[in-house]
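Have a look at the structure below before the remarks.
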């Protein structure tokens, strides 16, 4: 886009980067993306951002010059190298989708979709770490519920997709499925155990990232998002359990919610519906992670009372994890430029 502020996108071929490219190309975002290869990607390749041709440059100081912001969407090594090239403090605002900069003292957790109050000092923040997509989805859900019908407590089971581990996770699940059906040895570089046709409460001991580590990150990010000022502030922290599901894309959540008073199911459905939350009433099929692919926000359905607890209800909701994270990253970039 001519004369639009330049934003460097690191790891241009990752699942997250592809989603960022699609959002910028299809939503009229006033951004000019400069595609930069991650450590394990080939530079010099010709690709496209929407209808515009674009060349993927190598990761070096020159590729980061004159950028208003840098989006980290590749692997951890690429993110570390980018942060080193940008200096301390960084010469451009950093939008981190990889959690590499999460522990930096100049980092702030961001989720514009949840932030009811505009972050007035956003320009002064050096590093914007995009919250975990599961935390964003749950915060959207609980804050909206709590704003209209105060929540006493909740228990939420989170079913994670393989795409949370990027292309490597998706490929491993695909290869495992083929291997199981053809009675071959299973690749286990990502999960270190069989995920295909299986549900996991824990990865194998040699997995590079444990399921417990992801669960703790979701809890940390969710606690911060629930404490943000605005509608639904003060929603109580839920009890969480993260399960790895044998699906390629999209989170699914099973939520048991206890309210202060017995909820009216029709009122519950109508009060949940806002721009970022689609509600499927009882006359419609519940949402699925497959059906939510490529869609923004979250979709809620299968809202039923708990037959054994008059103040509680069961709710089901889904989110496209890659889309949700990318949407919030682009929203931060828009705020900055």
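What follows draws every value from the coordinates through simple rules; no lab data is involved. What you see is a predicted model, and the numbers here were worked out from it, not measured in a lab. With ideal geometry, Cβ positions are generated from the backbone for all residues, glycine too; neighbour counts draw on all protein chains shown.
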Report, to the nearest 10°, how far helix 15-26 tilts away from the longest principal axis of the Cα atoms in the chain, using its own Cα long axis and a range of 0 to 90°. 90
Alpha carbons only, please: Rg and Dmax for the range 246-337, in angstrom. 15.1, 52
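Would you mind telling me the antiparallel percentage of the DSSP bridges in the chain, rounded to 5?
Looking only at bridges with both residues in the chain, the antiparallel portion is about 50 percent.
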Please give the helix 133-148 orientation as an angle from the longest Cα principal axis of the chain, in degrees from 0 to 90, rounded to the nearest 10. 40
Length released on extending from residue 233 to residue 192, taking residue separation times 0.36 nm less the Cα-Cα span: 10.8 nm
What is the mean projected area of the alpha carbon convex hull for the range 135-321, to one decimal in square nanometres? 11.3
Between the range 102-171 and the range 191-265, the alpha-carbon center distance in angstrom: 11
Unit Cα scatterers, Debye sum, the range 78-169: log10 I(q)/I(0) for q = 0.11, 0.20, 0.22 Å⁻¹: -0.44, -1.06, -1.14
Relative to the longest principal Cα axis of the chain, at what angle does helix 166-181 sit, 0 to 90 degrees, rounded to 10? 60
203, 251, 99 arranged by Cβ crowding within 10 Å, fewest neighbours leading: 99, 203, 251
Extension gain (nm, one decimal) between residue 68 and residue 210, 0.36 nm per residue minus Cα-Cα: 47.7 nm
Over the range 135-321, what relative contact order in percent results from Cα pairs under 8 Å that are six or more residues apart? 28
Return the single residue from 38, 147, 61 with maximal mean-square fluctuation; model: Gaussian network over the chain, springs between Cα atoms under 10 Å. 61
State the extension gain, in nm to one decimal, for the chain segment bounded by residue 275 and residue 184, taking 0.36 nm per residue of separation less the distance between their alpha-carbons. 28.1 nm
Separation of the residue 153 and residue 174 label points, Cα + 7 Å toward Cβ, nm: 4.4
Among 274, 23, 136, which one shows the biggest mean-square fluctuation in a GNM of the chain, springs joining Cα atoms closer than 10 Å? 274
Mean residue ellipticity (222 nm) of the chain, computed from DSSP H runs ≥ 4 via -39,500 (n - 2.57), nearest 500: -9000 deg cm²/dmol
For the residue pair residue 199 and residue 80, what label-to-label distance in nm results when each label sits 7 Å from Cα along the Cα-to-beta-carbon direction? 3.7
Relative contact order, percent, the chain [alpha-carbon distance under 8 Å, six or more residues apart]: 19
